[in-house]
Amino acid sequence: MTSEGTHKQNEPDVVARIQRGDKEAFAMIYRLYFTSLCEFSFYMTKDAEVAKELVQDAFLAIWEQRSDWSPQSTVRSYLFKAVKNRSLDFLKHQKVVRKWEDNSKSSQVDVTEDEDRLTRQQLANAINKEIERLPPKSRIIFLMSRQQGFTYNEIAEIQGISVKTVETQIGRALKKLRTTLKDFL
C-alpha cells in the first residue's frame, strides 16, 4: 500500500488493524497523510511548527482512542476534518490571546512593484497574498480544491456544506483573484 489509491481500496482493513493496535498500519496512514495535513494546517495557521503540532495531536488522538476509532467517511476526509477543526480552534485561541496582548497592531502595507520587473517568484507571492486576502471560508475551500486536490464533493463533506456552496465559493474566489491580479496576468 504505497499509494493513496491502493490505500483507499484497503481502508476498512487498515482501520480495523489500527483499532487492534497495529503500529505498522498506523505508521502507514501517518506517512501517507502527514505532509499534506501539515501543509493544509499551515495555510490556516501561518505557523509551520503549530501546524505540525496540530497534525501530530490529531494522530495522537486517533492512536489513544484507536479501539473506538471508526471514521464515518474516508480516512483522508476524517483526517482533514480533524486537522481543520484543530486549526480553527487554534485560530480562535490566538484571537483571544491577541486581544489580550495588544489591540493596536501595525497595519499591513501593500507594496506594488513595476510590472516589467516581476519575476515568477514575485508573481507567486502576489497570488499567495491575494489568496490570503480571501475570506477565511473561501480561502480554505479554494486551497482544498487547488492545492490539496479535493473534489467538490469531498470539500462539501469535510466542510459540512453543500456542493453548490463549494462551487459558489470557488467561483467567487477565482473571480476575485482574476480581478485583483489582472495587472500581473
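The values are calculated or read from the model by the stated rules, or taken from the named source; none is laboratory data. Everything quoted here is computed from the prediction, not taken from an experiment. Neighbour counts are summed over all protein chains in view; Cβ atoms, including those assigned to glycine, are modelled from backbone coordinates with ideal geometry.
Yes or no: region 63-78 includes at least one residue that is part of a loop (DSSP other than H, G, I, E, B), surrounded by fewer than 17 Cβ atoms within 10 Å (Cβ to Cβ) and hydrophobic (A, V, I, L, M, F, W, C). Yes, because at least one residue in region 63-78 is part of a loop (DSSP other than H, G, I, E, B), surrounded by fewer than 17 Cβ atoms within 10 Å (Cβ to Cβ) and hydrophobic (A, V, I, L, M, F, W, C).
Can you find even one residue in region 59-67 that is under 21 Å from Ile141 (Cβ atoms), in the same structural domain as Gln19 (by TED's automatic domain parsing), of a type outside the set (A, V, I, L, M) and touching a residue at least 40 places away in the same chain (Cβ under 8 Å)? Within region 59-67, none of the residues are under 21 Å from Ile141 (Cβ atoms), in the same structural domain as Gln19 (by TED's automatic domain parsing), of a type outside the set (A, V, I, L, M) and touching a residue at least 40 places away in the same chain (Cβ under 8 Å). Restricted to region 134-184, and to residues that are surrounded by 14 or more Cβ atoms within 10 Å (Cβ to Cβ) and among the polar types (S, T, N, Q), which residue is farthest from the chain's Cα centre (by Cα)? Going through the qualifying residues, I end up with Thr180. Annotation note: of Lys81, Lys23, Lys52, Lys46, the sole residue that is on the phi > 0 side of the Ramachandran plot and outside the structural domain of Leu143 (by TED's automatic domain parsing) is Lys46.
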